[in-house]
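A.B. asks: I have a structure I would like to understand better, so I am pasting it below and will then ask my questions one at a time.
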Amino acid sequence: MEIELTRIEFEADVYDVRKAVAAVLHGPDLYDPNDRENNGRVPNFEIVMGKSSAGHIHNGKAVLRVGSKLGHRLIKWNRESEDNNIVVKGSRLKVFDLFKAVPLDVKQTLEKGLYIDPEQDRLRSQIEEQTRLVRLKIAKVQFGVWYKPSNSRGQRRAFSVEYERNFMSDSAAYIHLAYEHKLIHIDIGQRETEGIIYTICVKFSNIRELGICYDELRQAFIEFDLHTPPNYERENSNSLTPDGIERNGKTRDRISSIDAAHARIAPYAHHLRILLADPDDLPKFERICHIAQCEPRPIRIPHVDAHAMGFFSDREIAQVQRWIKTTDWKIAFQIEAYLRSGLLTTHDLLVTLQGPIEQAIHHYGAEAPEFLRLFSVALKMRNADEEPGELFARTRSNHANIRPLRLAPGHISCHHVIVTPSKVLLEGPYTTQSNRVIRHYQCHDPSLVERFIRVEFRDEDRLAYRWDGDVDGTWFLKQRVGGILRDGFEIGGRAFEFLAYSTSALRNHVVWFVSPFRDPVVGYVTSEKIRASLGDFSQLLRMPSKYAARIAQAFTATDPSTKIRRDQWEEQDDLGNHTNGVGTISPELADMIWEARCGTSRKVREHRVKPSAYQFRFLGYKGVVVVDHRLQGIRMRLRKSQHKFPVHDVEEAEFEIARSFDYPNPVHLNRPVVMALEDRGVDKETFIALQERAKAPIYLSSDSLEHFSQLLTRYNLGGKFCLTFILGKLIKLGLDFKEGVNKKAIESAFFERLLSFSMNHSLREVKFKARIPVPYSYQLVGVADEGQAYIEEGIANKNDVYTLEPGRIYGAFFRGFTVVLPYIDDNIQVCVQNSAYEQPIYLKGTCVISRSPVMHPGDVQRVYAVGEPPEDKICFFRGLKNVVVLPAVGERSLASCLAGGDLDGDMYDIYYGNPGLIPKVQATPADENFSLPWTLDEERGDATVEDICDLIVDYMNNDVMGLLADRHLLIADQSKDGVFDERCITLAKLCSQAIDCARDGNPVDIHNIPKPLIRLKPDWHNSEVTGARQQDHYVSERALGYLFRNIRLFDSDKPVEGLPTEFPETIAPLKDPISQVLAPLIQRTLDSDTDADGPDPGAEGDDGHVEQLHAHYVREMRYICVTHTLVDAPDVRLKEEEVVLGTILADCVQPRRRSDRTYRMKLHSEGLVNDIRGQIIQSKEALTEDQLRSGLLRAWKVWAWAQHQRDREFIESFSLIALGLMFDYLQRLGGFPQA
């Protein structure tokens, strides 16, 4: 209802009125905290001040909008006593019922939205108003690069003006701050006369240094030293796109440059310099930056010399291109990468380095590209005062002998191209997992691998494209992304054209390009020829999305296993929708696949459990196969639901493994699950208790190496360096962090730094993601109970087969309260086994099952685990391990009830042994999504590669999955109905549509995305956002808020409390605790007669070999540390501890970006570690006892050499590889003492 408030003092503002009204509405007379309708929240309301015609900020009146029940109580309370008043600045207000209903949208916000303290709102509004009023006129805008003049001393640098535009006589430009979006805007143009405004948008977080200064003429300059180029936008006053198309609601477009002259230099020069029209405006700019909390703050700097050097003129660029086209393409790629990454200018290349580079090419021969790749690392790590020529000479002297990384089977060394709005950046080559297509041509000629290149499309900050609400990215993506996809590009004189993508890569906006080549077997190969060779897609040519998705199957990253003949496999019918994506294989075929899998991997797999299921690609089939013990010989039965397209005239094909399920994954809570379970009746105390249980081992990990090892296992850290295995052996040898009974202190600063980084990583996971381990619970791949197939095929009588029974789940939700109806749990079967040395565990009893992403309240369901099957009946799933078996009967599959899942590789979370997590409020699953794929009109003809390109552009423009998930959580936190709010239900449906977009081509209309109820965000949303401001957030009373505030982070660079911070620097080599306990073991194992220092470290020649090995390791580690960062900046690099642990601790606002970079870093480091291990002992076959002894001695020599070289770069992680090998060989040789 609406209530009029009168007699408001003119000096009082809306915030004073809100504060006074809140004191009454939230006071003891009107607010009952125990009223269930309030859900523990104080009531919300809205104040609308009356407009004044006399120049005041209001007319002395206001309208109070509040819930009818509370509003009537307020009026009654006001009339009951003269003492019952709303008092604003000493004035008692009059209260009148206006007998008017509140607008529907306002009503919904007031009913469900969270009340926000007016003082917090006042502060934010004041800052916004102050920043809005400051617009400073600009005289000149300059783009250029920083460089070191040849005649300068020290680190003083100058600015090369590559582009300049003067606004004193032409057009106009202004600089101002956008507080809400944390941006500095430079607007170019006059809306009244030109109709178009171009904007340079500089994010606060993109500024490395913001300098302000006066020159000798007292001209005022603002110098922007930026990490990456700013964003560029174009605003048209008539709402037309740049190509003249009418649209609604959008006025701004992303663009790649502000004009034609800027477009020529934008790919190379992005640093910004502003000359203000009025020198007196410089202090104003400095002040408004402080008010708007711009970080970094402006600093006063000495005047910077600026000259138009013309480094990136058309003439200079063309001269570089002419030169590199005369070189080998892999060399040209590296040289062009220097230029495009801003590491060198054309002057550096043509004048300073052309001769030295050509000499290096002659000297290194086939390894020249590898040397030039490593030189890029040196450029990123160089000191500011070091000349490029000096650096090149030093790099050559430090890399006399180099070799490329030796790759494991199934991996390739791949070049990468990153396309941003204004640049084309080059990376690599580095390790990437291969696929069927590349392996096919690689077998014909290994050099053809370089013809395939990975291309990713990113925003300037290397994150996925995201637009502000009034920015339209459609035209820009069509021009920039669509143009490159359709027309291709040229790198180093070689033309590349779009080939295809894999479905998982498309989610990261990554695709494959290929340069046409001549294959020694099949002749001239183009992208079109490759796509046509993959299968028969004639039935899909009317549906571009399905056509592209089927092609994508061939580009899934897979490992080869074994070949299967046509007479060894067959197709079978599905069991309704219960077997969607899953087939069966015989035990013998499963053994063959596992043997092949183990043979191609250098990892030790003896302790792993032989998988019961594999995710695969085979001809035109995809999905999962599970072992069926009734199948004899080499047999495979695939389902019709797994058949995606026909492949003709193939009698034998490779069975490709996308994933093998040889161990159970642990289950972790996450933010969506916590929100859903809380609204389903789970107490927040349950989550806090689990968090406390998760915190304890993190903090206790400093107590002992055993606790540290458990922490690494729990958070999947250090696996590529076998860190958990190493810690286990150190514990067995009596070492620990501290001295104790039968314990000797390890005295290793490196291990303590690893501990500190691990603790920080773990706490961040718990705090920012609510990623809380759930004990006794498992994440497993889903498969179907094939017992029903036994019955339908007549193999066994129904009474003789033990199958999972169907179940029913009932639930209803009514506005304001919930009703719990009785139901029967679905049956599932779960058997897990962590290693071959442990006994299998059968889960039995009530548990909870879910599948990410959890958006709909019904995506979490209660089920019953049946335990070990009875011995007296035939049972399909007897003996299956590390899978969850779902029932194959009923009207609807259980998988489809869990966020629209199926059985083609989806992973399911089983929450077991935690009764507090069982929902008290039931919810029916979301309806199944049966959207039809986008189909071309008949007159349009068949789909072409251009349609696939358009599909990719549409997908990127509508890739809103992250936005939907974030918005869902925000509204659930702000609404008293939580995830049951109709906006959240709408978002859940849109999320399902977004997930299927790549497959069916039906994008989400972003105009239909519900908006948050209030503009402030909950405090837990203040995750890793740079420069987060307190006034932008409110304290959330939901479980996520309590979990967020319950974790305090610490600096991982600081020593761990309670552990020694100083270690003896005078310990002689091999006198450290690890060497001292290790040497006697090796002596006994090798029957060595050497002294107590262990076996003889070796002759001088051996030292030379180890030194070369270490030099190779350092080169690749440097590349890993500078390449796989979250920010593309020369001064940003990973630390050795991050690489060892397999984590990146830098802040990042997009989890997908961190996940992708971490995956690449781990893949790259795994290849390096395997390469070093392979150099220590070179054997692909099973090692004999003599080879193990020889390998043990070699590993000891590497360790001993490293202990003599403790000041070397990356020596600690290098030593770790040798230590892991020694422990491995000692274990195989029985060298450890018996317990």
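A.B. asks: Among what's in segment 659-717 and is of a type in the set (Phe, Trp, Tyr) and surrounded by fewer than 20 Cβ atoms within 10 Å (Cβ to Cβ), pick the residue that is nearest to Phe757 (Cα to Cα).
C.D. replies: Tyr699
A.B. asks: Return the only residue of Ser434, Ser397, Ser447 being buried (at least 20 other Cβ atoms within 10 Å of the Cβ), of a type in the set (Gly, Ala, Ser) and not assigned by TED's automatic domain parsing to the domain that holds Cys201.
C.D. replies: Ser434
A.B. asks: Examine segment 83-97 for a residue that is of a type in the set (Asp, Glu), at pLDDT 90 or above, in a loop (DSSP other than H, G, I, E, B) and more than 25 Å from Ala1129 (Cβ to Cβ), and state whether such a residue exists.
C.D. replies: yes
A.B. asks: Let me ask you something else. Looking at (1) in a strand (DSSP E or B); (2) over 43 Å from the mean Cα position of the chain (by Cα); (3) of a type in the set (S, T, N, Q), find the lone condition where Ser160 falls short.
C.D. replies: (2)
A.B. asks: When segment 346-389 is examined, which residues are found to be surrounded by fewer than 20 Cβ atoms within 10 Å (Cβ to Cβ), of a type in the set (A, V, I, L, M, F, W, C) and out of contact with any Phe, Trp or Tyr (no Cβ under 8 Å at 6 or more places or on another chain)?
C.D. replies: Residues satisfying the conditions are Val351, Ile361, Ala366, Met381, Ala384.
A.B. asks: Quick check, is Ile484 β-branched (Val, Ile, Thr), in contact (Cβ under 8 Å) with a residue 60 or more places away in the chain, surrounded by 15 or more Cβ atoms within 10 Å (Cβ to Cβ) and within 17 Å of Val953 (Cβ to Cβ)?
C.D. replies: Against the criterion (β-branched (Val, Ile, Thr), in contact (Cβ under 8 Å) with a residue 60 or more places away in the chain, surrounded by 15 or more Cβ atoms within 10 Å (Cβ to Cβ) and within 17 Å of Val953 (Cβ to Cβ)), Ile484 qualifies.
A.B. asks: Next up: Quick check on segment 901-912. Is at least one of its residues in a loop (DSSP other than H, G, I, E, B) and without any contact (Cβ under 8 Å) to a residue 60 or more places away in the chain?
C.D. replies: No.
A.B. asks: Residues of segment 1113-1134 being surrounded by fewer than 21 Cβ atoms within 10 Å (Cβ to Cβ), in a helix (DSSP H, G or I) and of a type outside the set (Val, Ile, Thr), which ones?
C.D. replies: Arg1118
A.B. asks: Here's another thing I want to ask about it. Tell me the residue from Gln1234, Gln1203, Gln1150, Gln1178 that is outside the structural domain of Asn716 (by TED's automatic domain parsing), closer than 27 Å to Asn1022 by Cβ and not charged (D, E, K, R), please.
C.D. replies: Numbers: Gln1234 fails: closer than 27 Å to Asn1022 by Cβ; Gln1203 fails: closer than 27 Å to Asn1022 by Cβ; Gln1178 fails: closer than 27 Å to Asn1022 by Cβ.
Answer to the check: Gln1150.
A.B. asks: Exactly one condition in (1) in contact with a Pro (Cβ under 8 Å, 6 or more places away or on another chain); (2) under 30 Å from Cys201 (Cβ atoms); (3) assigned to a strand (DSSP E or B) is not met by Pro421; state its number.
C.D. replies: Failing condition for Pro421: (3).
A.B. asks: While we're looking at this one, here's another question. Say we look at segment 452-461 and pick out the residues that are surrounded by 20 or more Cβ atoms within 10 Å (Cβ to Cβ) and out of contact with any Pro (no Cβ under 8 Å at 6 or more places or on another chain); which of these is nearest to Val417 (Cα to Cα)?
C.D. replies: Val455
A.B. asks: I've got another one for you. For segment 71-90, what are the residues that are buried (at least 17 other Cβ atoms within 10 Å of the Cβ) and closer than 18 Å to Val14 by Cα?
C.D. replies: Within segment 71-90, Ile86, Val88 qualify.
A.B. asks: Residue under question is Ser68, and the condition is that it be surrounded by fewer than 17 Cβ atoms within 10 Å (Cβ to Cβ) and more than 30 Å from Ser975 (Cβ to Cβ); does it hold?
C.D. replies: no
A.B. asks: While we're on this one: For segment 301-315, check the following and say yes or no: at least one residue is touching a residue at least 12 places away in the same chain (Cβ under 8 Å), acidic (Asp, Glu), surrounded by fewer than 18 Cβ atoms within 10 Å (Cβ to Cβ) and closer than 26 Å to Asp1128 by Cβ.
C.D. replies: Yes, segment 301-315 has at least one match.
A.B. asks: Still on this structure, please answer the following. For segment 913-938, which residues satisfy the criterion of being touching a Phe, Trp or Tyr at 6+ places or on another chain (Cβ under 9 Å), surrounded by 21 or more Cβ atoms within 10 Å (Cβ to Cβ) and assigned to a loop (DSSP other than H, G, I, E, B)?
C.D. replies: Within segment 913-938, Gln922, Ala923 meet the criteria.
A.B. asks: May I pose another question? Select, from Ile1172, Ile1176, the only residue that is β-branched (Val, Ile, Thr) and over 30 Å from Ile418 (Cβ atoms).
C.D. replies: Ile1176
A.B. asks: Might you check whether a residue that is closer than 22 Å to Ser171 by Cβ and either assigned to a helix (DSSP H, G or I) or not assigned by TED's automatic domain parsing to the domain that holds Gln479 (or both) occurs anywhere in segment 201-217?
C.D. replies: Of segment 201-217, the ones closer than 22 Å to Ser171 by Cβ are 201-202.
Filter once more, keeping what is either assigned to a helix (DSSP H, G or I) or not assigned by TED's automatic domain parsing to the domain that holds Gln479 (or both): 201-202.
Checking segment 201-217: at least one residue is closer than 22 Å to Ser171 by Cβ and either assigned to a helix (DSSP H, G or I) or not assigned by TED's automatic domain parsing to the domain that holds Gln479 (or both).
So that you can scan it fast, the table gives a plain yes or no per residue for (1) among the aliphatic types (A, V, I, L, M); (2) modelled with pLDDT of 90 or more; (3) touching a strand residue (DSSP E or B) at 6+ places or on another chain (Cβ under 6 Å):
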{"position": "Ala368", "(1), (2), (3)": "yes, yes, no"}
{"position": "Val377", "(1), (2), (3)": "yes, yes, no"}
{"position": "Pro409", "(1), (2), (3)": "no, no, no"}
{"position": "Ile453", "(1), (2), (3)": "yes, yes, yes"}
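A.B. asks: Sort out for me the helices (runs of 4 or more DSSP H) sitting completely within segment 648-754 that have 2 or more residues that are over 30 Å from Asp859 (Cβ atoms) and assigned by TED's automatic domain parsing to the domain that holds Glu1037. Can you show your working first?
C.D. replies: Numbers: elements: 671-679, 684-700, 705-714, 723-732.
Those helices (runs of 4 or more DSSP H) span 684-700, 705-714, 723-732.
A.B. asks: Mind checking which residues of segment 218-260 are of a type in the set (Val, Ile, Thr), modelled with pLDDT of 95 or more and either touching a His at 6+ places or on another chain (Cβ under 8 Å) or not assigned by TED's automatic domain parsing to the domain that holds Arg191 (or both)?
C.D. replies: none
A.B. asks: Further question on the same structure: Conditions first: (1) modelled with pLDDT of 85 or more; (2) touching a Phe, Trp or Tyr at 6+ places or on another chain (Cβ under 9 Å); (3) not in a loop (DSSP other than H, G, I, E, B). Ala998 passes all but one, so which condition is the exception?
C.D. replies: (1)
A.B. asks: Any residue in segment 1145-1159 that is part of a loop (DSSP other than H, G, I, E, B) and β-branched (Val, Ile, Thr)? Outline the logic, then answer.
C.D. replies: Restricting attention to segment 1145-1159, the residues satisfying the condition of being part of a loop (DSSP other than H, G, I, E, B) are 1145-1150.
Subset that is β-branched (Val, Ile, Thr): 1149.
Yes: segment 1145-1159 contains one or more residues that are part of a loop (DSSP other than H, G, I, E, B) and β-branched (Val, Ile, Thr).
A.B. asks: Next up: Of the numbered conditions (1) surrounded by 12 or more Cβ atoms within 10 Å (Cβ to Cβ); (2) touching a residue at least 24 places away in the same chain (Cβ under 8 Å); (3) not aromatic (Phe, Trp, Tyr), Gly50 satisfies every one except a single condition; which is it?
C.D. replies: Result: Gly50 fails condition (2) only.
A.B. asks: Report yes if Ile402 is in contact (Cβ under 8 Å) with a residue 60 or more places away in the chain, surrounded by 14 or more Cβ atoms within 10 Å (Cβ to Cβ), part of a loop (DSSP other than H, G, I, E, B) and aliphatic (A, V, I, L, M), otherwise no. Even if it seems obvious, please write down each step before you answer.
C.D. replies: On the way: in contact (Cβ under 8 Å) with a residue 60 or more places away in the chain: yes; surrounded by 14 or more Cβ atoms within 10 Å (Cβ to Cβ): yes; part of a loop (DSSP other than H, G, I, E, B): yes; aliphatic (A, V, I, L, M): yes.
Yes, satisfied.
A.B. asks: Let me ask you something else. Among the residues of segment 20-58, write down those that are assigned to a helix (DSSP H, G or I) and under 23 Å from Asp973 (Cα atoms).
C.D. replies: Ala22, Leu25, Arg36, Glu37, Asn38
A.B. asks: Mind listing whichever residues of segment 98-154 are in a strand (DSSP E or B) and exposed (fewer than 15 other Cβ atoms within 10 Å of the Cβ)?
C.D. replies: Result: Lys137, single match.
A.B. asks: Being crowded, with 20+ Cβ neighbours inside 10 Å, of a type in the set (S, T, N, Q) and within 28 Å of the chain's Cα centre (by Cα) is the filter here, so list the residues in segment 329-345 that pass it.
C.D. replies: Gln334
The values are calculated or read from the model by the stated rules, or taken from the named source; none is laboratory data. Because the structure is predicted, anything quoted here is derived from the model rather than measured. Cβ coordinates were reconstructed from backbone atoms using ideal geometry, including for glycine residues, and neighbour counts include every protein chain displayed.
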